[in-house]
Amino acid sequence: MTQAIPVPSKHRTFEATRSHITNAMKNPELDLAWNFIEKTNRSIFLTGKAGTGKTTFLHKIKAESKKRLVVVAPTGVAAINAKGVTIHSFFQMPFGPILPEGAQNSHQKAEFAQKFTKKKLDIIRSLDLLIIDEISMVRADLLDGIDQVLRRFKNGKRAFGGVQVLMIGDLQQLAPVVKPHEWDLLREHYSNPYFFSSLAFQKVNTVGIELKHIYRQDDQVFIDILNEIRNNKLSPASAKKLNERYIPNYTMPKDEGFITLTTHNNRADSMNQSELSKLKTSSRFFQATIEGKFPAHAYPTHEKLELKIGAQVMFVKNDSQPDKRYFNGKIGTITQMDGEEIVVRCPDDDFDIHVNREVWENIKYAINAKSKAIEEDKVGSFTQIPLRLAWAITIHKSQGLTFEKAVIDAQASFAHGQTYVALSRCKSLEGIVLLNPIGDKSIISDNRVTSFTKHVETHLPDQKELNASQQAYQLMMMEELFNFSMLLYPIKRLISIYYNFKSSLKGAIIEPLMLIQDEGILPLEKISQSFKAQLHNLSIASKKLPQEDSVIQARLQKGILYFLNFTEEKIQKPFSEISYITDNQSVKKDFQKQIKIFEEELTQK
């Protein structure tokens, strides 16, 4: 028998909610996070409870940051939602455990040392900022794998190759997946599978920032209950209040937009198929159009989608039209199907939604030849009706979604954070029905996560730390400007090639090379060390940031002019005088490679 329960009043539209979050972005934690991202090179762990606007902030960074950035995520669905790419595809990671450097066997070294295309290498070498979304699901060994790639191709002496890393996620939500046989290989290298136990994370000077303002819920009683569950400290009073939503033998009312959140895929699929088969209306099938490269594991809905009039469905994409009639996670019922158009009616809406196909893009990154900026390149697309059956969905697939009304089956919770994720998807306590009472056995929490989270909460940065980080970042950029060491390796290599294969090389070669080395790079490096020390001392003595100090700026401009003239006279001029011929193709290939490397470094400098 269906029991009536109170339901929330008419909800805000997606556009209004998004506008509310965007306007509320003016808060201390988000301002601090933005300043650390844009004005420093500190790596950042950006966390916050469910519904604090982490994903909205990610999209703001993508749209407005001046840094050359790439967005990656641990799963295909998370990558598509973040409008990024998967970690494995971008960094060409092997599947399975990745052992730290020094512990890898010859097979894994061969597997890990895959060749990157020049296009990918250009992106990595120009990268300022790497954003990793859903960091809670990233294993420690995978984060170390990212570190290995970045150090190999960018800067071998600095964690993550000197790239700023923004890690976004809530550790109290879904955890990384590690199979027993995989952990047997990793346990001697890591204290736990979470990203914060990675070797790279321990080396990089990460700043933790916690977002505190919750936008999804506005009922303080419900917020307090969620916080207690998140911290594995559900009080008897809160448990009693929460379990008032327990309704045994509950049957979902028809067309009121309830969705069941459950723990296992087969249970969700079984419920959806069972409910669909009860409808007497005819099935219609919609075939997706797939162009280019779009991996099957990232499909946002079924390639062949079966729908019926009367079916309860969930939108799986935000409306691309200006009026924003629906959002990812909105529930409704199909009332009509006419050709390619489907009509959906959502509870509490006073209008029908006419649904047509939407396009999801699979992107990769490329370097713009003129601006040298990192740009998104569409390599494939998935076009389909933006719906899926929604009598039930797994808790795992619900991460990042928001529901007005949900039936929660948390009895079979089997992993850290699942109960919290399920409850925190809901906007209000009144919109929840529990199939089973929530007790201690339903709340699985990991003490290692709790300990790390407490450390973050007690070491939050302030304006003083931001100022110090900003000063250090500006000083580092000034020092890099006058660093010429990267020019030395290809010149030394060219000199070595010449002496090893002198008989097969003809032309003006060794004289200009020796001039570049002995009268150009080496003395310039010596002058550079002295000049960088001057800048460092001026910066330490100043009470202002280097960009605001007129003395430092004047010294910087004079230095730039001096180094530019020196470079043109002692390096660029003799380099332009090099000419060579050889009939040894192997020598020619190696010589051309080093010439190109030097040319690129000199052009950049």
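Listing for the model above:
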item	result
Table column - 3J(HN,Hα) (Hz), segment 420-437, Karplus curve with 6.51, -1.76, 1.60, x for Gly and Pro	5, 4, 4, 5, 6, 6, 8, 7, 8, 5, 5, x, 10, 10, 9, 7, 9, x
Accessible-area composition of the chain, carbon plus sulfur, in percent [1.4 Å probe]	51 percent
Overall dimensions of segment 444-494 as given by Cα atoms, namely Rg and Dmax in Å	20.6, 61
Built amide H within the under 5 Å cut-off of Ile363, gap 5+	Val379
Sequence-separation-based contact order of the chain, relative, with Cα cut under 8 Å and 6+ spacing, percent	16 percent
For the chain, the Rg and Dmax computed from alpha carbons only, in angstrom	28.6, 95
Arg152/Val551 FRET efficiency (R0 41 Å; Cβ-Cβ; nearest 0.05)	0.55
Long-range HN-HN contacts of Leu387 with modeled amide H, under 5 Å	Val316
Gain in span if fully extended, Glu340 to His459, counting 0.36 nm per residue against the direct Cα distance	37.4 nm
Positive-end extreme of charge dipole, segment 134-202 - chosen from Leu150, Pro180, Pro193 (charges on Cβ)	Leu150
Cα gyration tensor shape of segment 150-223, rounded if a/c is under 1.5, else prolate or oblate by comparing a/b with b/c	oblate
Distance cut-off 26 Å, percentage of C-alpha pairs in segment 219-343 lying past it	41 percent
Å² per residue, accessible surface of the chain at 1.4 Å	48 Å²
Accessible heavy-atom area order of Tyr246, Tyr498, highest first, probe of 1.4 Å	Tyr246, Tyr498
Among Ser238, Thr117, Gln287 - extreme Cα towards positive end, dipole of the chain, charges at beta-carbon	Thr117
Under 15 Å from the Cα of Lys532 - aspartates and glutamates, other chains or at least 8 residues apart	Glu479, Glu480
Rg followed by Dmax, in Å, when segment 72-231 is reduced to its Cα trace	17.1, 57
Signed unit charges on C-beta, dipole axis of the chain, positive-most listed residue Ile510, Asn362, Ile223	Ile510
Greater than 27 Å apart at Cα, pairs in Lys364/Lys573; Lys233/Lys317; Lys240/Lys427	Lys364/Lys573; Lys233/Lys317
Segment 459-605 shape via C-alpha gyration tensor axes, a/c threshold 1.5	prolate
Unit charges on C-beta of K, R, D, E only; dipole of the chain, Debye	900 debye
Computed log₁₀ I(q)/I(0) - Debye formula, equal Cα scatterers, no solvent, segment 273-399, q 0.14, 0.23 Å⁻¹	-0.67, -1.46
Segment 167-190 residues near the modelled Ser65 label - backbone nitrogen below 14 Å, point 7 Å along Cα→Cβ	167-169
Cα-based reach from Lys304 at 19 Å (exclusive), listing aspartates and glutamates while leaving out same-chain residues under 8 positions away	Asp269, Glu275, Glu291, Asp338, Glu340, Glu341, Glu358, Glu361
For segment 133-189, average projected area of the Cα convex hull in nm²	4.7 nm²
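The values are calculated or read from the model by the stated rules, or taken from the named source; none is laboratory data. Just so you know, these numbers come straight off a predicted model, no measurement behind them. Here the Cβ is made from the backbone with ideal geometry for all residues, glycine too, and neighbour counts use every protein chain on show. Each accessible area value is taken on the protein alone, full model and side chains, heavy atoms only, with ligands, DNA and RNA left out. Shrake-Rupley method; radii C 1.70, N 1.55, O 1.52, S 1.80 Å.
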